[in-house]
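Data block below; observations after.
The values are calculated or read from the model by the stated rules, or taken from the named source; none is laboratory data. All of these numbers come straight from a predicted model, not from anything done at the bench. All Cβ positions, glycine included, derive from the backbone under ideal geometry; neighbour counts span all protein chains shown. Ligands, DNA and RNA are excluded from the accessible area calculation, which covers all protein heavy atoms including side chains. Shrake-Rupley method; radii C 1.70, N 1.55, O 1.52, S 1.80 Å.
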Amino acid sequence: MSQDRATEVSEAEIAVHWQEEDYVKPPEKFIAQANLTDQTVFERFSLKKFPNCFKEYADLLDWYKPWDVTLDTSNPPFWKWFIGGRLNASYNCVDRHLAKHKNKTAIHFVPEPEHEAIQHVTYQELYVRVNEVSALLRDFCGLKKGDRVTLHMPMVPELPITMLACARLGIIHSQVFSGFSGKATADRVVDSESRALITMDAYYRGGQLLDHKEKADIAFTEAKKDGVTLEKVLVWQRYPGRYSSKTPLVEGRDFIMNEVLSGYRHRRIDPVEMPAEDPLFLMYTSGTTGKPKGCQHSTGGYLAYVAGTSKYIQDIHPEDVYWCMADIGWITGHSYIVYGPLALAASSVVYEGLPTHPDAGRPWRIAQELDVNIFHTSPTAIRALRRAGPDEPAKYHYHFKHMTTVGEPIEPAVWRWYHDVVGKGEAVIVDTWWQTENGGFLCSTVPAIHPMKPGSAGPGVPGIHPIIYDEDGNEIPPRSGRAGNICIQNPWPGTFQTIWKNPDRYVEQYYAKYCKNRKSRDWRDWPYFANDGALQAADGYYRILGRIDDVINVAGHRLGTKEIESASLLVEEVAEAAVVPARDEIKGRVPDLYVSLKPGLAPSEDIRKRVEDAVIREIGPIARPRRVVMVPDMPKTRSGKIMRRVLRAISNDEDAGDVSTLANPEVVDEIRRMKV
Ligand code: WT7
């Protein structure tokens, strides 16, 4: 493990094996109804059957033209799935369900204010609205297949409607999490060279109607400075017919979607037949540099993979009411609120606001109201709900058959509360490990087959074959309980195709480290490197330890330490900045920001505040550091590298180890004293 990185996995964690918990068996009632109970699935999806096993997933979709080649490996590691096949994601998530399910709810929308009625968008209504928006995008905006559009939308039904309208035409959508700043949106507009920005005037969060359109103006102006001029800014209204932002519309540039749409009523747009490998969307995520990278996801492989994992790991049946509490602005929402559940004709819940506002009973009231039976959330939300209202779930009448946790490791005690109190002991739990790059789950138990083990993700899901390597590329013996770097031996259909406009970074970041032969066209020579530390226990389950690169998982959301550092360096007085992960009881990890000032300058509250403001302006409030510590000097190696490992130890009140080889060992104790 490289010494100067802001890794989440400390040496201490690697040394100590967590105590193995007792297994919990899936309830008989769950098994009796489950989509996947057949143990032979692992035989069917073994490496010997690779890659044709994934036909099982692709067959869940409707194809205009079936594929000729399942996997093309002629240009590694740019894997191509289902070559020759043609399909449309919007057709698969909407049109094809009309015959059987047109009156069924596709999307339940739960607005934050509890006096506002829940909206139920049927598949027929979804079909009508997606078509109208498609017509507008094509005929009003002149957008076409392959164009990019940035969405900066909150959690409202118009978000999946807009995504599906893009998909219908082959327009590549790039949804930016609504909590990100205007500047962060601009960066993504520029990188993707988007022609239009689609946003909303306002949305609710924590009891307030937040002005959102103001961020679009910043995004427009900042993108223009970087040479990308958005042709149009389309603004949905949170309350149709009423503009709820203080930010004026710019004549000729900004248009109210709801108004323009009235010219496109009753329009029907034929879905574009897309080659399987044409991109469906971009999802920007943080990496090891100051700029986020656009993960490019395919149409055919991605949709097949999310449909398959939704069916077998989420156990979605068409009659289920499925609620994933994530935000659609993250990959979890794309795969497991929109594309996976809708491809299976489920009813998917979209909710606005926060789980703990106005009180910690809200999720359980919603579950009761909508009769939700599959529930999906993050350890951070579970910890927050457990703290704010440990007895709330018992007050409501709902029954979950299945629950998911995703995004970060879950502590066994938190897992127990989720199981016993939220799930009332009736639900299976899957702990799903995966990443923005992956499209869908990599490790998890198969809910009706494997017993659950609190705190562990599970084995690779069908068709995913993990392997753990040490730093030098030696395989760590399977089931040894020894930690190393987790990789996936084989490609899978949901994996991203490349980093948008940066294929070299794609190869270097994810494949170069453990590639056995750069000239080889055999996928066996190209394991996927996940940048996570993990160990495999004797039972074959993987325990994920955390990031081994400069990425921090805060509340299950990925933040690049370099992005936060770059933001703070915009403050004139700051000379150097270093961000490290600090443990947090609710959010798992939070960023601590250490800065040193230019010579002769004294620390002040004013500088601290401006550093914090810069981070919020450049990225958004989710990146707000837990503390900004103004240090006299950074702990450094003799070659001048900042020793983030030492800062991480200070932030977590851990032993910093041997610091005598530092160029300035005396600074360690000084910083330790400052922090408290
Ligand atoms: C990172 C990916 C796609 C899921 C949402 C986050 C961590 C993810 C787990 C889990 C332990 C997990 C990893 C991974 N992670 N799931 N079940 N147990 N850690 O996606 O923002 O791309 O973050 O989240 O460290 O690399 P993401």
(request) For residues that are in a loop (DSSP other than H, G, I, E, B), touching a strand residue (DSSP E or B) at 6+ places or on another chain (Cβ under 7 Å) and under 24 Å from residue 48 (Cα atoms), tally how many sit in segment 496-527. (result) 4
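Listed here are the residues, each with its yes/no results for (1) open to solvent by less than 30 Å² (accessible area, probe 1.4 Å); (2) charged (D, E, K, R); (3) touching a Ser or Thr at 6+ places or on another chain (Cβ under 6 Å).
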position: 577; (1), (2), (3): yes, no, yes
position: 583; (1), (2), (3): no, yes, no
position: 591; (1), (2), (3): yes, no, no
position: 598; (1), (2), (3): no, yes, no
position: 608; (1), (2), (3): no, yes, no
(request) Taking the residues in segment 244-275 that are of a type in the set (Ser, Thr, Tyr) and surrounded by 12 or more Cβ atoms within 10 Å (Cβ to Cβ) as candidates, determine which candidate is nearest to residue 141 (Cα to Cα). (result) 264
(message) Which of the strands (runs of 3 or more DSSP E) found entirely inside segment 541-649 contain at least 2 residues meeting this: more than 30 Å from residue 456 (Cα to Cα)?
(response) 574-584, 588-597, 627-631
(request) Could you give me the residue pairs with C-beta distances under 9 Å whose first residue belongs to segment 172-184 and is without any contact (Cβ under 8 Å) to a residue 60 or more places away in the chain, whose second residue is open to solvent by 10 Å² or more (accessible area, probe 1.4 Å) wherever it lies, and which are 6+ apart or on separate chains? (result) 182/214; 182/215; 182/217; 182/218; 182/220; 182/221; 182/222; 182/617
(request) Go through segment 362-388 and count every residue that is crowded, with 19+ Cβ neighbours inside 10 Å and part of a loop (DSSP other than H, G, I, E, B). (result) 3
(request) Please identify the pairs in which a residue from segment 441-464 that is farther than 11 Å from residue 23 by Cβ has its Cβ atom under 8 Å from the Cβ atom of a residue that is among the acidic types (Asp, Glu) and at pLDDT below 95, counting only partners at least 6 apart or on another chain. (result) 455/21; 455/411
(message) open to solvent by 30 Å² or more (accessible area, probe 1.4 Å), modelled with pLDDT of 95 or more and more than 30 Å from residue 188 (Cα to Cα): is that true of residue 604 in this structure?
(response) yes
(message) Tell me yes or no: at least one residue of segment 444-464 is within 11 Å of the ligand (Cβ to nearest atom), part of a helix (DSSP H, G or I) and within 24 Å of residue 44 (Cα to Cα).
(response) no
(message) Tell me whether segment 351-366 contains one or more residues that are small (Gly, Ala, Ser) and within 16 Å of the ligand (Cβ to nearest atom).
(response) no
(message) Could you check segment 558-569 and list, in sequence order, the residues that are within 12 Å of the ligand (Cβ to nearest atom) and buried (at least 23 other Cβ atoms within 10 Å of the Cβ)?
(response) 559, 560
(message) Give me the strands (runs of 3 or more DSSP E) completely within segment 123-232, filtered to those with at least 2 residues that are open to solvent by less than 10 Å² (accessible area, probe 1.4 Å), ordered by residue number.
(response) 148-152, 172-175, 196-200
(request) Please specify each residue of segment 237-265 satisfying the condition of being outside any helix (DSSP H, G or I) and free of Cβ contacts under 8 Å to residues at least 12 places away in the same chain. (result) 239, 242, 248, 251, 252
